[in-house]
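Below: one structure, written as structure tokens.
Only the coordinates and a few stated rules stand behind these numbers; no lab work does. Since we're looking at a predicted model, the values are computed, not measured. Because the Cβ atoms are built from the backbone with ideal geometry, glycine has one as well, and the counts that use them run over all protein chains shown.
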Amino acid sequence: MCLGIPMRIKKINAGFAEVETGRLMRRVNIEMVPGIEIGDYVIVHAGFAIEKVDPKKARQTLRLINEIH
């Protein structure tokens, strides 16, 4: 089973982005998701952004994760 976490793009630099969720910040590869911009939400798995997601759905998912945490 894989778990992908919605994270928000903070900075973009040469195929990589700094992303955040809550207090967690990571540097991830964004080359599989063309056209993303700062402020977009992406699903992150194993250091890679694997898809762009709707901001409303991303926030709902993060709320659910926080409830079970």
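Details
- Estimated purely from DSSP H runs of n ≥ 4, each contributing -39500 (n - 2.57), the mean residue ellipticity at 222 nm for the chain is -6500 deg cm²/dmol once divided by its residues.
- Charges were assigned to the Cβ only: +1 to each Lys and Arg, -1 to each Asp and Glu. The resulting dipole of the stretch 5-68 about its Cα centre is roughly 220 debye.
- Counting only aspartates and glutamates at least 8 places from residue 11 when in the same chain, those with an alpha carbon closer than 16 Å to its own are 20, 31, 37, 40.
- Computed from the alpha carbon positions, the gyration tensor of the chain leads to an equivalent ellipsoid with semi-axes of 19, 12, 11 Å, biggest first.
- Angle in degrees between helix 55-68 and the longest Cα principal axis of the chain, rounded to the nearest 10: 50 degrees
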